[in-house]
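So the structure is just underneath, and the comments pick up after that.
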């Protein structure tokens, strides 16, 4: 049975099996599904969708319209800006050298996923590496360094194989460095290995 829960006067939906701890902030219109756990100190924006078995650890920050698919854990140190997509069973880490017998909570590293980025199913993001705006991390990739804005990366370790539009289409550039998204018609400029969107 589904029910509506309330936090800080902002309405959101949470399935009855979800655990919502006190001290977290959840934005209006957000939906949290089966067996998910939202921990104290976390901040989730408006109109987010968290699938089944999602864990949001303390101090994680998520912007608006973030989509988190099933079986994703967002560990302390992860920041997702607006319109981020996290594919099924993708993995974040937050310690570079974990050991069970050694407590390293003071060594958590920050990972920022910038606006509009997509991380594919079963990809792994090694902590401390940021994902650029509208970047696209392919399924199963292992990210061991920063990913540039609009970059398409794949493999283990992840290597850049191209550029993506804001609509998620691979871009081809002409001799002047201009690429056009086939869906939106928006133009992009590639110059000195940096892509920028043109208005």
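Data for the structure
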read-out: DSSP-defined antiparallel bridges as percent of all bridges, segment 82-190, nearest 5; value: 45 percent
read-out: Ranked by how many other beta carbons lie within 10 Å on average, peptides 12-25, 151-164 from highest; value: 151-164, 12-25
read-out: Point-to-point label distance, residue 196-residue 176, nm (Cα→Cβ direction, 7 Å offset); value: 1.6 nm
read-out: Percent of beta bridges antiparallel (DSSP, segment 2-169, rounded to nearest 5); value: 25 percent
read-out: Fluctuation leader among 104, 170, 114 - the chain, Gaussian network, Cα springs under 10 angstrom; value: 104
read-out: Over the chain: Kirkwood hydrodynamic radius from C-alpha pairwise inverse distances, Å; value: 17.5 Å
read-out: Length gained when the stretch residue 122-residue 13 is fully extended (0.36 nm per residue, less Cα-Cα span); value: 36.6 nm
read-out: Pairwise centroid distance, computed over Cα atoms, of segment 11-59 with segment 163-190, Å; value: 35 Å
read-out: Neighbour-count ranking [beta-carbon atoms within 10 angstrom, fewest first] of 107, 81, 192; value: 192, 107, 81
read-out: Estimated inter-spin distance, residue 100 and residue 161, nm [label 7 Å along Cα→Cβ]; value: 3.6 nm
read-out: Two-site label geometry, residue 22 and residue 129: point separation in nm, points 7 Å out along Cα→Cβ; value: 4.0 nm
read-out: Chain lengthening between residue 109 and residue 146 when straightened (0.36 nm per residue, less Cα-Cα); value: 12.0 nm
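All of the numbers you see were taken from the coordinates with simple rules; none came from a lab. In this text the structure is predicted, and so the values were computed from the model without any measurement. Cβ sites come from the backbone with ideal geometry, for glycine too, and all protein chains shown count toward neighbours.
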